[in-house]
There are 2 protein chains.
Amino acid sequence: MSSDGTRRRDVTVADVAKAAKVSKAQAARALGNYGAVSDDVRERVLAAAEELEYRPNELARSMNTGKSNTIGVVVGDIENPHFGLAMRGITDTAKKSGYNVILINTDEERAAEVDAVRVLLDKRVDGLIVAPASSVETSHLQQVRESGRPLVLLDRAAAGVDVETFAVDMGRISYESTLHLIEAGHRRIAFVSTVRTDAPYVAGMTLDSSQISDRLDGIRRAFDDAGFPHPTDLIRLNAGDADSIMRITRELLDGPDAATAIIASDGLIALSVVEAIQESGRSIPNDVSFLMYDDFAWTRLTTPPLTVISQPVYDMGIAAASALIRQIEGRKAAGPGPDLVATLIKRGSVGAPKDAEALLPDAEIAGILPDRW
Amino acid sequence: MSSDGTRRRDVTVADVAKAAKVSKAQAARALGNYGAVSDDVRERVLAAAEELEYRPNELARSMNTGKSNTIGVVVGDIENPHFGLAMRGITDTAKKSGYNVILINTDEERAAEVDAVRVLLDKRVDGLIVAPASSVETSHLQQVRESGRPLVLLDRAAAGVDVETFAVDMGRISYESTLHLIEAGHRRIAFVSTVRTDAPYVAGMTLDSSQISDRLDGIRRAFDDAGFPHPTDLIRLNAGDADSIMRITRELLDGPDAATAIIASDGLIALSVVEAIQESGRSIPNDVSFLMYDDFAWTRLTTPPLTVISQPVYDMGIAAASALIRQIEGRKAAGPGPDLVATLIKRGSVGAPKDAEALLPDAEIAGILPDRW
DNA sequence: CCTAGGATTGAGACCGGACTCACATCGATT
DNA sequence: AATCGATGTGAGTCCGGTCTCAATCCTAGG
């Protein structure tokens, strides 16, 4: 056991003061390094503190400074390396400025998120970084706003919550990527996401995730601009666990009207989609083309290496934390934040569809492609 | 900006009490759900609280209960999915029991870890889960012990720190895996780890990481039992970033005495090793066999899928958090914890070495293999 | 030598809850 | 009707710091 007889009560300033034979106020001043303290007193206090192994109680300190030097982070799933990396950016930045991080995982459940936000507010964090599970039901975030506590959003925007948001322009990159697929000859392009919806997808509908809405918009615009109909039957939302994703993938690839290309909405989905493709005996990109969000290191290791949409996740974490801390400390924004742009990294998983003879790299498509391509 | 004129000072029990026309004590009782309160008072107080949107200040509460309902977690690298998953186990478990988690990343730096522990102690966390960067220099962990605050170790043991530790038996699984490679015909088996050492490796030396020491012991024992000399020249520690790992891998595969099999000490190392192998134009397992720690989903996606050592990381997180919370709440261990055993999952990345004609599946080896193989 | 003004210092209030203690209140018991 | 135990209740203390304020100490200028 630990007990060496004495049940060690924490050493407080009062104890140090007594040992140094000064008033509590003086001891506190010497320890806290504020106010006026004579060298003599300071020395005695510091010596006593050392001797007694005094450690300040941050809780008490926070109580009357009103600052906890802690920021709360609410994400859907840290198990997802996407958030793991963002988290890294956040903690690295926080540490540099002397802040700690309380992390709460919501499993992408709004109820859990509401709870998380409340708990963090109750714990008097100095500010919050939230990756909102829903971009629509955001009353709890508005409440944060009203509480006056700084708030910053990560990864996704939230309707009616006018705060700094650190996310990439999904519409743009989605458009660009879809065009890339269309240019390769694909018309039957599927999109698989775990975002939950009650109603089936229709163009322009409001989804719980602004991110996904934006991506779908990008896809639609690409098809529109290319002059082809957008195959909305291939939009698969509500993809849940690994099994369900694999099932969906098999469905997508079966039948006369099968998809010729699949876009996976995140790294976790990608794993199951690729696994299902491989299991079905199909090859990428000969039988199916594949494109995914997030450039994880392992995407270079598959055969062929995967074409991905790289997002500056670590930088997003840094930017979010920096901005939050700036707000906490009441400083004005020095300038526009860093450009958080996603880029399409073309590797080997996108090729021409099998029935490629049906199409040609027509001027019609080439015409709409930006010059830099 | 946010100010609607009033600089909203937090609503306190005193405010609620006044609004409900009762004493502060009564309001506190009604709100905190303790002591004796008449129905009438309770109703009025709760109504007033609702009206004023009262929220308790957890800091204040923690101050005089001495409980913060927060546990501190110190890991080397949250970006590493290994810890991401463990973290998930921890947060899931903590949430169930009403605890929050403060996460600190140490970058595997001991100084940062010492700091982290101190900060968390100062913040009066109720307990700590640490994945110690060093299994040797553990004075800061002993101090935690002395402070009387519950402590639990994750992933790695620490010398002189007698607390519950949740890690798999690395010696056993390393032995088993090495035997698997030896049985396949390998004699030149390399091991790549990022663990830092000053001196070059010699058998039995003390490393900063008990985990790696145990693995190396396992390898050595396997070679001993199989009756072959352990090629210590292929033990590569101090592997740093991706570039350095790739360089090391190339060295390992070059020359007349090249390695015929490589064991990667974790998922991050594995990525670079495999990339280097592929880049060098070699194929797995025809030119090199490969084995790695941690069964990440992507390891099934490479060609061939990789043979891995699966660790119950999520369960380790759960077990660690459960045990810690049990200690915090002063309960005795109900029984032995769950068995945290690693298993070798044989997939396609281990084959016979190229010069396989030199050897045969001799009885000598078969003899030492456990029956269940 | 005297005094103004800055440097030191200690007492005590305060942050926002939890909790102790002494003092009602009240129905039930005998 | 007097008594007793079980509630109810409010005043006030405490947790461990920060910070205000008035008092005291010095030292240099006059």
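Yes/no per residue for (1) within 9 Å of another protein chain (Cβ to nearest Cβ); (2) of a type in the set (Lys, Arg); (3) farther than 29 Å from residue A:269 by Cβ:
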position	(1), (2), (3)
A:64	no, no, yes
A:67	no, yes, yes
A:75	no, no, no
A:80	yes, no, no
A:97	no, no, yes
A:108	no, no, no
A:112	yes, no, no
A:145	yes, yes, yes
Within the set of pairs 6 or more residues apart or between chains, which connect a residue that is outside the structural domain of residue B:43 (by TED's automatic domain parsing) inside region B:21-33 to a residue that is near DNA strand C (Cβ under 8 Å from one of its atoms) and in a helix (DSSP H, G or I) with Cβ atoms less than 7 Å apart? none
Checking residue A:107 against (1) buried (at least 17 other Cβ atoms within 10 Å of the Cβ); (2) assigned to a loop (DSSP other than H, G, I, E, B); (3) of a type in the set (D, E, K, R); (4) under 19 Å from the mean Cα position of the chain (by Cα), the condition it does not meet: (1)
Is there a residue being within 14 Å of another protein chain (Cβ to nearest Cβ) and among the small types (Gly, Ala, Ser) anywhere in region B:290-298? yes
Please verify whether region B:250-259 includes one or more residues that are within 18 Å of residue B:176 (Cβ to Cβ) and in the same structural domain as residue B:211 (by TED's automatic domain parsing). no
Are any residues in region B:43-55 under 10 Å from residue B:20 (Cα atoms) and surrounded by fewer than 18 Cβ atoms within 10 Å (Cβ to Cβ), and if so, which ones? B:43, B:46, B:47
Evaluate the following for residue B:38: is it closer than 29 Å to residue A:66 by Cα, more than 10 Å from every other protein chain (Cβ to nearest Cβ) and more than 20 Å from the chain's Cα centre (by Cα)? no
Using the structure shown, decide if residue B:85 is in a helix (DSSP H, G or I) and within 16 Å of DNA strand C (Cβ to nearest atom). no
Please enumerate the residues belonging to region B:125-143 that are over 20 Å from residue B:315 (Cβ atoms) and either more than 10 Å from chain A (Cβ to nearest Cβ) or modelled with pLDDT of 95 or more (or both). B:125, B:126, B:133, B:134, B:135, B:136, B:137, B:138, B:139, B:140, B:141, B:142
Residue under question is residue A:328, and the condition is that it be modelled with pLDDT of 95 or more, of a type in the set (A, V, I, L, M, F, W, C), more than 27 Å from residue B:242 (Cβ to Cβ) and touching a strand residue (DSSP E or B) at 6+ places or on another chain (Cβ under 9 Å); does it hold? yes
Elements of type helices (runs of 4 or more DSSP H) in region A:168-281, at least 3 residues being within 14 Å of another protein chain (Cβ to nearest Cβ), among the hydrophobic types (A, V, I, L, M, F, W, C) and in contact (Cβ under 8 Å) with a residue 24 or more places away in the chain: A:242-253, A:267-279
Write out, first by first residue and then by second, each pair whose Cβ atoms fall under 6 Å of each other, whose residues are 6+ apart or on separate chains, and whose first residue, in region A:148-160, is free of Cβ contacts under 8 Å to residues at least 24 places away in the same chain while the second is in a loop (DSSP other than H, G, I, E, B). A:148/B:2; A:148/B:8; A:160/A:138
Which one of these is surrounded by 22 or more Cβ atoms within 10 Å (Cβ to Cβ) and within 19 Å of residue A:145 (Cα to Cα): A:16, A:114, A:73, A:119? A:73
Kindly list the number of the only condition in (1) at pLDDT below 90; (2) within 16 Å of DNA strand D (Cβ to nearest atom) that fails for residue B:57. (1)
When you check residue A:152 against the structure, is it in a strand (DSSP E or B), away from chain B (no Cβ under 11 Å), out of contact with any Phe, Trp or Tyr (no Cβ under 6 Å at 6 or more places or on another chain) and closer than 20 Å to residue A:80 by Cβ, yes or no? yes
For region A:74-90, name all the residues that are of a type outside the set (Lys, Arg) and in contact with a Gly (Cβ under 8 Å, 6 or more places away or on another chain). A:78, A:79, A:80, A:81, A:82, A:83, A:84, A:85, A:86, A:87, A:89, A:90
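The values are calculated or read from the model by the stated rules, or taken from the named source; none is laboratory data. Here the structure is a predicted model, which means the values were calculated and not measured. Here Cβ is always computed from backbone atoms with ideal geometry, including for glycine, and neighbour counts include all displayed protein chains.
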